[in-house]
Each structure stands twice: as C-alpha cells, then as structure tokens.
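A short write-up of the structure that comes next.
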Amino acid sequence: MEFNYIYKQNMKKVTFLFFILILSLSFNSCVTNKRYNLLQGATTEKNSNPPQYEVTLQPDDELMIIISSFNPELAAPYNLSVGGVGGGATYLIDQNGYIVLPNLGSIKAAGKTRNQLIEAIKEALKGKLENPTIYVKLMNFRVLVYGEVAATGMQTVKSERYTILEALTNAGITYFGKRKKVLIIRENNGTRTFETVDVTKADLINSPYFYLAQNDVIYVEPNFVKLNSTVITPTVGFFLSGISVGLTILLLTRQ
C-alpha cells in the first residue's frame with residue numbers, strides 16, 4: 001500500500017513536470033517565432049497606394065549615359081567616345097551636383113531622379129537633335145551591411161530598387177541579429193540620418209527605408225542571446241532544460 005501511494009504521488013509529480021516542460025517549449029517556440037519571423041501580420045489584401053520609389057542621384061554617382069536618334073551620326077557629338085565607338089561612357093556627378101556632357105555643357109544631376117535627368121538632357125538637346133532617345137543608368141549603386149550577418153561588406157547592386165530585406169538576405173542575417181532594431185544610416189544632401197526599422201513587421205513596406213538608397217549603411221545589432229554569454233542557442237537551451245527535467249523525474253521516481 002505504501003509503495004502504491006508513493007508511486008502515485010511520484011507519477012503526479014512526473015505528470016506535472018512533463019506538462020510544465022511542454023508548456024515551456026510551446027511558449028519558447030511562440031516567442032522565437034515572434035522574434036525572428038519577418039513581415040509578421042502581412043495579409044493578401046492589395047495595397048491601393050503602394051509606395052513609389054525612385055533613386056535620387058547624388059554627388060559621386062557614376063552614370064552611364066547614351067544619347068541616340070534615328071541618325072547615329074547626328075547623335076555622336078553628344079556622346080563620349082569609348083574605344084572609338086560613341087556612347088556607353090560613364091559620367092561622374094561632381095561635388096556640386098553636375099555632370100558635363102559633350103557639346104551640351106554642365107547639367108544639374110544631383111537631387112534629380114533618373115527620369116528627371118533624362119528630361120533635363122532632352123531639354124538641353126532642343127533645337128540640336130530631333131527626337132532623341134536618352135538612356136541613363138546608375139552604375140555604382142552599393143550599400144554596406146555589417147554587424148550580426150554572415151557576410152559583412154559592400155554589396156554592389158545592379159537594380160535601382162533594392163530593399164532592406166534583399167540586403168539582409170544576401171548578407172545572411174544570423175540568429176544573433178536583432179531584427180526589431182536594424183539601423184540604417186543614410187546621407188542626403190550632406191546630412192546623415194539614423195533610422196531604425198523593425199523587419200518583423202508587415203508595415204515595413206510602407207517605410208521610406210524599405211527601399212535602400214545608394215551608399216546606405218545597414219547595421220544589425222546583436223540580440224540578447226549574443227549579449228548573454230550563458231545562452232548559446234535555443235536548441236541547446238531546450239536540450240539542457242530537457243536534461244534537467246529528466247534528471248528531476250529520475251530522482252523522484254527513485255525515491
């Protein structure tokens with residue numbers, strides 16, 4: 001009788017501890033998902049006013065500019081020659097924000113979007129070249145990503161629409177990276193701004209920092225796990241917790 005009583009009491013304790021373990025693991029799983037899943041709360045509803053974005057040109061931007069028309073010979077004087085072939089040359093925006101085009105002189109580029117610069121070049125060609133076609137491409141769009149990522153360093157981008165999510169994916173944000181507080185340093189007209197974004201929230205797509213600007217600097221802070229040297233990873237933590245509970249159960253059943 002005494003043995004059965006002790007056995008039943010121990011089984012109650014074992015059941016209770018097992019319940020606590022399952023509850024703890026479930027809670028930690030939910031917390032982990034909330035900390036690390038990106039764009040939480042996103043829905044399939046269409047945004048009637050999606051954010052529009054165009055790169056604003058800055059000093060030190062390198063531009064490929066090609067001016068053409070139905071008669072290549074008429075367009076040739078307005079293109080720099082590259083290897084004996086007109087067009088395809090690059091122009092550097094100077095510190096005053098200007099580029100210098102052959103036979104057109106200085107044209108303000110900084111502060112304009114690519115399409116606005118195209119219109120400015122067309123305006124300069126009025127009366128000189130009929131129905132010109134202008135091609136402008138930003139050649140040195142790059143951002144710097146460092147901190148808690150697998151691949152720190154400069155990312156050179158071909159597209160002019162590059163998001164913070166793409167940058168973090170290409171850099172490989174680690175488990176230790178703080179996703180709720182990613183710092184973006186941006187320079188505009190000589191003024192640096194410091195902004196933190198939460199990449200776990202769906203409304204990130206409405207932020208002016210969702211699309212990156214050239215020369216943006218992205219810093220991923222270490223999270224509490226990295227700062228707390230006693231915690232290695234959730235898996236190890238759960239494993240150690242399981243061992244601890246298992247030893248407790250073993251001791252109780254052997255009493």
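Quick rundown of the values:
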quantity: Flag for Gln214 being modelled with pLDDT of 90 or more and either surrounded by 12 or more Cβ atoms within 10 Å (Cβ to Cβ) or over 23 Å from Val149 (Cα atoms) (or both); calculated: yes
quantity: Breaking point among (1) in contact (Cβ under 8 Å) with a residue 60 or more places away in the chain; (2) of a type outside the set (Asp, Glu); (3) in the same structural domain as Asn103 (by TED's automatic domain parsing); (4) not in a loop (DSSP other than H, G, I, E, B), for Asn131; calculated: (4)
quantity: Pair list, Cβ < 6 Å and 6+ apart or interchain, from the stretch 137-152 residues that are at positive phi to residues that are assigned to a strand (DSSP E or B); calculated: Gly147/Tyr219; Gly147/Val220
quantity: In the stretch 163-181, the residues that are within 14 Å of Pro208 (Cβ to Cβ) and either part of a loop (DSSP other than H, G, I, E, B) or of a type in the set (A, V, I, L, M) (or both); calculated: Ile164
quantity: Selection within the stretch 120-133 - surrounded by 12 or more Cβ atoms within 10 Å (Cβ to Cβ) and out of contact with any Ser or Thr (no Cβ under 8 Å at 6 or more places or on another chain); calculated: Ala120, Ile121, Lys122, Ala124, Leu125, Lys128
quantity: Complete set of residues in the stretch 196-217 that are under 13 Å from the mean Cα position of the chain (by Cα), more than 20 Å from Thr113 (Cα to Cα) and of a type outside the set (S, T, N, Q); calculated: Val197, Asp198, Val199, Leu204, Ile205, Val217
quantity: The stretch 101-119: number of residues that are under 24 Å from Ala213 (Cβ atoms) and surrounded by 14 or more Cβ atoms within 10 Å (Cβ to Cβ); calculated: 11
quantity: Yes/no for Leu144 being out of contact with any strand residue (DSSP E or B) (no Cβ under 7 Å at 6 or more places or on another chain), aliphatic (A, V, I, L, M) and surrounded by 14 or more Cβ atoms within 10 Å (Cβ to Cβ); calculated: no
quantity: Criterion violated by Gly153 - all others in (1) over 32 Å from the mean Cα position of the chain (by Cα); (2) loosely packed, with under 14 Cβ neighbours inside 10 Å; (3) not β-branched (Val, Ile, Thr) satisfied; calculated: (1)
quantity: Tally, over the stretch 106-127, of residues that are out of contact with any helix residue (DSSP H, G or I) (no Cβ under 8 Å at 6 or more places or on another chain), outside any helix (DSSP H, G or I), on the phi < 0 side of the Ramachandran plot and free of Cβ contacts under 8 Å to residues at least 40 places away in the same chain; calculated: 2
quantity: Residue in the stretch 170-187 that is within 13 Å of the chain's Cα centre (by Cα) and of a type in the set (Phe, Trp, Tyr) present; calculated: no
quantity: Gln155 being closer than 25 Å to Gln214 by Cβ, assigned to a loop (DSSP other than H, G, I, E, B) and touching a strand residue (DSSP E or B) at 6+ places or on another chain (Cβ under 9 Å); calculated: no
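The values are calculated or read from the model by the stated rules, or taken from the named source; none is laboratory data. Since the structure is predicted, the reported quantities are computational estimates derived from the model, not experimental observations. Note that we place each Cβ from the backbone using ideal geometry, even for glycine, and neighbour counts take in every protein chain shown.
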